[in-house]
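Asker: One structure is given below, represented as structure tokens, and several questions about it will come after.
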Amino acid sequence: MVKEVKINTDIIKLDSFLKWCGAVSQGSDAKFLIQSGEVKVNGEVCTQRGKKLKKEDEIEFDENIYKII
């Protein structure tokens, strides 16, 4: 199931997005998970915590898929 997440800006960084959508509780958790290759952006593993995301991007983490709207 895809969870749609609305953001209030044109772009958001990957680590900030994981906090925003509630996937992690702290930024340090997001940093660790991203750097260890546990997060996918649009189907590809992403290890850049500063990766800029935009509307329509899909983020996959812990068997959940989040779509930015």
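Asker: Across segment 25-45, what is the number of residues that are out of contact with any Ser or Thr (no Cβ under 7 Å at 6 or more places or on another chain) and over 14 Å from I65 (Cα atoms)?
Answerer: Counting residues in segment 25-45 that are out of contact with any Ser or Thr (no Cβ under 7 Å at 6 or more places or on another chain) and over 14 Å from I65 (Cα atoms) gives 10.
Asker: To continue, here is another question. Could you tell me whether L53 is assigned to a helix (DSSP H, G or I) and closer than 21 Å to E4 by Cβ?
Answerer: no
Asker: I would also like to ask the following. Tell me, yes or no, whether segment 3-21 has at least one residue that is aliphatic (A, V, I, L, M), under 11 Å from I68 (Cβ atoms) and assigned to a loop (DSSP other than H, G, I, E, B).
Answerer: yes
Asker: Could you tell me whether segment 58-65 includes any residue that is aromatic (F, W, Y) and free of Cβ contacts under 8 Å to residues at least 12 places away in the same chain?
Answerer: For segment 58-65, residues aromatic (F, W, Y) and free of Cβ contacts under 8 Å to residues at least 12 places away in the same chain: absent.
Asker: I've got another one for you. Which numbered condition in (1) at pLDDT 95 or above; (2) on the phi > 0 side of the Ramachandran plot is the only one that E44 fails?
Answerer: The one condition E44 does not meet is (2).
Asker: Can you pull out the residues in segment 5-26 that are closer than 15 Å to F61 by Cβ and out of contact with any Leu (no Cβ under 8 Å at 6 or more places or on another chain)?
Answerer: V5, D15, S16, K19, W20, C21, G22, A23, S25, Q26
Asker: Among the residues of segment 35-50, write down those that are in contact with a strand residue (DSSP E or B) (Cβ under 9 Å, 6 or more places away or on another chain) and either among the acidic types (D, E) or assigned to a helix (DSSP H, G or I) (or both).
Answerer: Residue satisfying the conditions is E38 alone.
The values are calculated or read from the model by the stated rules, or taken from the named source; none is laboratory data. Just so we're clear, the structure is a prediction, and the values are computed from it rather than from any experiment. Methodologically, a virtual Cβ is constructed for each residue, glycine included, from the backbone with ideal geometry; neighbour enumeration extends over all protein chains shown.
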